[in-house]
Each structure stands twice: as structure tokens, then as C-alpha cells.
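Written below as C-alpha cells is the structure these notes are about.
The values are calculated or read from the model by the stated rules, or taken from the named source; none is laboratory data. Owing to the predicted nature of the structure, the values given are computational and were not obtained by experimental measurement. Cβ placement follows ideal geometry from the backbone for every residue including glycine, while neighbour counts extend to all protein chains displayed.
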């Protein structure tokens with residue numbers, strides 16, 4: 001089971017559901033820019049499908065590596081217009097104060113019919129890297145993408161359910177991975193039962209996956 005494997009790797013429930021969405025939704029080709037990742041070590045790279053012509057460029061403002069682009073996401077990107085087929089923006093947008101700027105700059109550097117893939121947390125603890133500004137609802141994120149000029153926008157909640165939201169907050173205190181896995185499975189089962197009784201249960205979600213076209 002996907003969640004159990006992710007749990008035993010030490011990933012959080014939020015990261016597990018993000019990786020599941022990546023595994024079924026993200027396919028890269030051509031020139032690709034990962035904003036906020038200095039290398040391919042992020043757990044989602046295990047699940048991203050890439051064509052043979054995929055060329056990845058990494059960026060991190062604080063990296064000391066020469067091959068990593070230093071880009072201030074609150075300012076103008078030192079990149080030419082229409083230069084990338086895909087851009088990745090996973091767990092980055094909440095750390096950028098000027099969200100409209102970063103989405104607008106990504107739109108500018110995407111080629112015509114280029115595609116943005118990303119994810120953001122919602123019901124998740126404060127985590128500075130080096131700052132942590134925002135949490136987005138599905139409505140707010142869709143509006144921001146539309147205002148920036150994107151089309152064919154998909155915003156997909158993941159980790160839905162009050163029990164998943166609750167167990168995500170405290171599961172790390174259990175320390176032992178088998179206990180964490182058990183807590184996850186109990187939460188998944190309880191949310192399935194609650195979904196039948198309370199439609200609002202799915203209004204609780206851990207985060208959002210999104211994709212959009214230029």
C-alpha cells in the first residue's frame with residue numbers, strides 16, 4: 001500500500017499524499033525548472049515520469065553550488081521569456097511573500113503551452129524555510145493562477161478528512177514508524193466512514209496539488 005511504504009520511509013502524511021498525486025499526474029519533458037529544489041533528492045522525484053529529452057535545472061537562492069540558479073522569487077527572474085516547457089513549484093509558494101510575482105514570472109518564462117506543476121500545504125504546522133507566510137484554500141489558489149494568466153487550471157485537495165488532518169498534527173510524536181503507520185490507517189478508515197455521514201468532512205484537507213497551462 002502506497003501510504004505504508006511512504007510512512008516507513010519517514011515521510012509525513014502530507015508528503016505521502018503529495019507524492020501520490022505526483023505519481024499519477026506529473027510528466028515532464030523538455031526544459032524543466034524546479035524552483036526551490038537544489039537537486040533531485042526531493043522525495044517526489046522518485047515518482048515523476050520524465051521523457052528522454054527532459055533537462056532539469058534547479059534553483060535555490062541560498063545554495064552554494066555553481067550549477068544551481070540563484071533566484072529571488074519575490075523579484076524579477078534572471079531568465080528569458082518562454083524558455084521552459086515545465087516548471088515545478090512544490091512546497092514553495094507558502095514561503096514567498098509576493099505570490100503574485102512568482103506566479104507571474106513563472107508564466108513569463110514558460111513556453112507557449114508550457115505547464116506549471118506544484119503543491120502547497122494547508123492544514124500543516126508553521127515551518128520556516130527561511131520564512132513561512134501563507135496557507136491557501138483551493139479557491140484562493142485557483143484565483144491567483146487565473147489572475148496570472150494561466151488556463152486549464154486544476155486544483156486538487158489531497159489528504160481530505162478531519163481524522164487525517166488531526167493525525168497529521170501529532171503523528172510525529174509517536175516516533176516509531178509502525179505506530180505512525182497504524183495511526184494513518186485508522187484515520188483513513190474513520191474518514192471513509194465519516195464521509196458517508198458528513199459531507200463537510202472533505203472540507204478538511206492537508207494540502208493542494210495544482211497544475212496549469214500557459
Every residue from segment 133-155 that is on the phi > 0 side of the Ramachandran plot and in contact with a strand residue (DSSP E or B) (Cβ under 8 Å, 6 or more places away or on another chain): 152
Among (1) in contact with a strand residue (DSSP E or B) (Cβ under 9 Å, 6 or more places away or on another chain); (2) surrounded by 15 or more Cβ atoms within 10 Å (Cβ to Cβ); (3) within 15 Å of residue 93 (Cβ to Cβ) - the single one residue 127 does not satisfy: (2)
Matching residues, segment 1-39, being outside any helix (DSSP H, G or I), touching a residue at least 40 places away in the same chain (Cβ under 8 Å) and within 20 Å of residue 50 (Cα to Cα): 26, 28, 29, 30, 31, 32, 33, 34, 35, 36, 37
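Kindly provide the set of residues from segment 176-210 that are under 17 Å from residue 125 (Cα atoms) and over 22 Å from the mean Cα position of the chain (by Cα), ordered by number.
In the first step, residues of segment 176-210 are kept if they are under 17 Å from residue 125 (Cα atoms); the result is 204-208.
None - no residue of segment 176-210 is under 17 Å from residue 125 (Cα atoms) and over 22 Å from the mean Cα position of the chain (by Cα), so the list stays empty.
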Answer residue from segment 29-39, given it is modelled with pLDDT of 95 or more and surrounded by fewer than 21 Cβ atoms within 10 Å (Cβ to Cβ) and is nearest to residue 84 (Cα to Cα) among those: 31
Single condition residue 144 does not satisfy, out of (1) more than 18 Å from the chain's Cα centre (by Cα); (2) farther than 30 Å from residue 196 by Cα; (3) free of Cβ contacts under 8 Å to residues at least 60 places away in the same chain: (1)
Test for residue 171: is it buried (at least 19 other Cβ atoms within 10 Å of the Cβ), closer than 24 Å to residue 95 by Cβ and either more than 20 Å from the chain's Cα centre (by Cα) or at pLDDT below 95 (or both): yes
Residue match in segment 91-105 (condition: within 27 Å of residue 167 (Cα to Cα), modelled with pLDDT of 95 or more, surrounded by 22 or more Cβ atoms within 10 Å (Cβ to Cβ) and in contact with a strand residue (DSSP E or B) (Cβ under 9 Å, 6 or more places away or on another chain)): yes
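Could you tell me whether segment 61-68 includes any residue that is buried (at least 18 other Cβ atoms within 10 Å of the Cβ), part of a helix (DSSP H, G or I), touching a residue at least 12 places away in the same chain (Cβ under 8 Å) and in contact with a strand residue (DSSP E or B) (Cβ under 7 Å, 6 or more places away or on another chain)? Break it down stepwise before answering.
Filtering segment 61-68 down to residues buried (at least 18 other Cβ atoms within 10 Å of the Cβ) leaves 68.
When the remaining residues are screened for being part of a helix (DSSP H, G or I), the result is none.
Within segment 61-68 (the criterion being buried (at least 18 other Cβ atoms within 10 Å of the Cβ), part of a helix (DSSP H, G or I), touching a residue at least 12 places away in the same chain (Cβ under 8 Å) and in contact with a strand residue (DSSP E or B) (Cβ under 7 Å, 6 or more places away or on another chain)), the answer is no, since none of the residues qualifies.
What are the residues in segment 40-56 that are touching a residue at least 24 places away in the same chain (Cβ under 8 Å) and either surrounded by 17 or more Cβ atoms within 10 Å (Cβ to Cβ) or out of contact with any strand residue (DSSP E or B) (no Cβ under 6 Å at 6 or more places or on another chain) (or both), if any? It would help to see each step written out before you state the result.
Of all residues in segment 40-56, those touching a residue at least 24 places away in the same chain (Cβ under 8 Å) come to 42-44, 46-48, 51, 53-56.
Those that are touching a residue at least 24 places away in the same chain (Cβ under 8 Å) and either surrounded by 17 or more Cβ atoms within 10 Å (Cβ to Cβ) or out of contact with any strand residue (DSSP E or B) (no Cβ under 6 Å at 6 or more places or on another chain) (or both): 42, 43, 44, 46, 47, 48, 51, 53, 56.
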